[in-house]
1. On C-alpha positions alone, give me the angle between the axis of helix 26-41 and the longest principal axis of the chain, in degrees, nearest 10.
2. Given a 1.4 angstrom probe, what's the average accessible area per residue across the chain, in square angstrom?
3. Can you find, among 29, 108, 58, the residue sitting farthest towards the positive end of the charge dipole of the chain, where Lys and Arg contribute +1 and Asp and Glu -1 at Cβ?
4. Taking the simple approach of a point 7 Å from Cα along Cα-to-Cβ for both residue 84 and residue 1, what is their distance in nm?
5. Provide the per-residue ³J(HN,Hα) series for region 48-54, in order, calculated from phi with Karplus coefficients 6.51, -1.76, 1.60 and θ = phi - 60°, each as a whole number of Hz, with x at glycine and proline positions.
6. Quick one: which residues, 5 or more positions from residue 86 or on another chain, have an amide H under 5 Å from its amide H? H modelled 1.01 Å from N in the peptide plane, none for Pro or chain starts.
7. Just to make sure I understand: if all protein chains stay in place, what is the order of 101, 86 by accessible area at 1.4 Å, largest first?
8. If you roll a 1.4 Å probe over region 1-116 with all protein chains in place, what percent of the accessible area is carbon or sulfur?
Amino acid sequence: MTFLFWAAAIVVFAIAEAATTALVSIWFAVGAAAAMVASIFTASLGVQCAVFAVVSAVTLAVMLPLLAKRRTMRQPPVTNGSPLTIGSRGIVLREIPQGDIGRVRVDGLDWQARTVDGTPLPKDARCEVKNVDGAVLIVSAVPVPAAAQPAEQLH
């Protein structure tokens, strides 16, 4: 009979955990599982409750520092020009005039951009992201390989 009680407790704690997703009852689900195993070996409700309490406390004590460490390791979300675009290549959508801002498409997204050294980049030129300044990508020209240039430009 206590076996079914602990099985029901596991289900209740698991449902509570799933509903909150804040790791508030998973420790108790683990403790209830241990108490359920203990109920196979002893009919003493006191022993089963002690197993439940000890295993729940140990699970909490082991997991809390690990979760706290993981929480501090999280990177803040990117809310402006994405540093993840550095090194990506794109194409100039709107000419980047000398020392001014134009537009580029990198990884399928349109961005404001300026060149590293202030030199102009024409529309449809290939570029590579070198840095990010707020919501503006800092780009440089990517030379087009000779094989990709039209024949009249090679002479």
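The values are calculated or read from the model by the stated rules, or taken from the named source; none is laboratory data. The structure displayed is predicted, hence computed values, not measured ones. FYI the Cβ positions are ideal-geometry reconstructions off the backbone, even for glycines, and counts take in every protein chain you see. Ligands, DNA and RNA are excluded from the accessible area calculation, which covers all protein heavy atoms including side chains. Shrake-Rupley method; radii C 1.70, N 1.55, O 1.52, S 1.80 Å.
1. Taking Cα atoms only, the helix is inclined about 40 degrees.
2. Values: 10210 Å² over 155 residues.
In whole numbers, the chain has 66 Å² accessible per residue.
3. Farthest along the dipole direction, towards plus: 58.
4. About 5.6 nm separates the two model spin labels.
5. Here the 3J(HN,Hα) series is 4, 5, 5, 4, 4, 5, 5 Hz.
6. Long-range HN contacts for residue 86: none found.
7. Values: 101 60, 86 80 Å².
These residues rank, largest area first, as 86, 101.
8. Working: 5270 of 7670 Å².
It is 69 percent, rounded to a whole number.
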